[in-house]
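Reading through the structure tokens given below for one structure.
The values are calculated or read from the model by the stated rules, or taken from the named source; none is laboratory data. The structure displayed is predicted, hence computed values, not measured ones. Please note: Cβ atoms are built from the backbone with ideal geometry, for glycine as well, and neighbour counts cover all protein chains shown. Protein only, heavy atoms only, side chains kept; ligands, DNA and RNA dropped before computing areas. Shrake-Rupley method; radii C 1.70, N 1.55, O 1.52, S 1.80 Å.
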Amino acid sequence: MENSIQSIPQNWYLILSSFMFCIGIMGVLFRRNAIIILMCIELMLNAVNLLLVSFSSYAGNAEGQVFVFFIMVVAAAEVAVGLALLVSIYRNIASTDINILSKMKW
Amino acid sequence: MGISQIIFYLLASFTIFTALFVVFSKNPIYSVLWLILCFFSVAGHFVMLNAQFLAVVHIIVYSGAIMVLFLFTVMLLNLNKETEPHKPLLLKFAAVISGGVLFLIILAAMKTTIPSNYIAPKASEIGYVKQIGMKLYREYTLPFEVASILFLSAMIGSVVLAKKERA
């Protein structure tokens, strides 16, 4: 496991994380449940985290991992506030369907 | 093909399949459970990349805290297969096609970024707690403290938002 980085080209991580990001985008467009959409946003954040960690280990620079740490902090705060919003929305309209929440639609 | 390449292929296919199941499973509870598995496999990728500290933090924060929050909310709102809204089939096709097209665009954009056989010089120790802690508490002290303020405001904000309104 010590030198696993040496036998894997970095392009594989690029392809994997971009594919994960696209699955997240697809999920946001695919579903109507707001909780699932939040989960897909988490998936996209994870793809970016994976990309940052791979760049930081392949370049031998620890700053990328510090940034991943901060991204995790922001993701945790975002999920807490987003779920609180969803709970209060559910209390008002008894649903988490995004098609009902169309008052601000242009 | 070395052992680490085989591990990478297994982990990557596991990650992709669980991510796809998150999007395509009908029941929201199953989506949450698949997402937990997906996060565990991403932590496995972090271990492969010599980022041990981040792998442990990822398991604690994502699979522990965030997914418990999601699971609690899904169960609290009593979401299940019957109440799950669905988009029309045409919009679903459009979503899948636009996701695939975006993947193609990203691949084409990154095709020339680094040579395909670029290999790291050597396995390093930058993922260890000592190195990350040195960086975090020496050069990034101010962002670290600002992050704690962000957490405090998120905590207060979520309590205020989720509190029952007095009529």
Open item on the list: Restricting to the range B:10-30, name every residue that is in contact with a Gly (Cβ under 7 Å, 6 or more places away or on another chain) and over 17 Å from residue A:41 (Cβ atoms).
Closed with: B:11
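Within the range B:57-66, can one find any residue that is open to solvent by 70 Å² or more (accessible area, probe 1.4 Å) and either touching a helix residue (DSSP H, G or I) at 6+ places or on another chain (Cβ under 8 Å) or modelled with pLDDT of 90 or more (or both)?
Yes, because at least one residue in the range B:57-66 is open to solvent by 70 Å² or more (accessible area, probe 1.4 Å) and either touching a helix residue (DSSP H, G or I) at 6+ places or on another chain (Cβ under 8 Å) or modelled with pLDDT of 90 or more (or both).
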TODO: Just need a number here: residues in the range B:67-82 that are within 8 Å of another protein chain (Cβ to nearest Cβ) and modelled with pLDDT under 85.
DONE: 1
Task: Residues of the range B:140-163 satisfying the condition of being farther than 15 Å from residue A:74 by Cα and charged (D, E, K, R) - done: B:163
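Of all the helices (runs of 4 or more DSSP H) wholly in the range B:27-84, which have at least 2 residues that are within 12 Å of the chain's Cα centre (by Cα) and more than 16 Å from residue A:83 (Cα to Cα)?
Qualifying helices (runs of 4 or more DSSP H): B:28-48, B:52-58.
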TODO: Could you grab me the full set of residues in the range B:91-123 that are modelled with pLDDT of 90 or more and more than 22 Å from residue A:20 (Cα to Cα)?
DONE: none
- [ ] Output the helices (runs of 4 or more DSSP H) that fall wholly within the range A:2-106 and possess 2 or more residues being in contact with a Gly (Cβ under 7 Å, 6 or more places away or on another chain), or say none.
- [x] A:10-30, A:34-59, A:63-93
Task: Hits in the range B:124-139 (condition: at pLDDT 75 or above and open to solvent by 80 Å² or more (accessible area, probe 1.4 Å)) - done: B:128, B:129, B:130, B:134, B:137, B:138, B:139
- [ ] Restrict the check to the range A:21-31 and report whether at least one residue is within 7 Å of chain B (Cβ to nearest Cβ), free of Cβ contacts under 8 Å to residues at least 60 places away in the same chain, open to solvent by 30 Å² or more (accessible area, probe 1.4 Å) and not polar (S, T, N, Q).
- [x] yes
TODO: Please work out which one of (1) over 30 Å from residue A:97 (Cβ atoms); (2) open to solvent by 70 Å² or more (accessible area, probe 1.4 Å) is the condition residue B:52 fails and give its number.
DONE: (2)
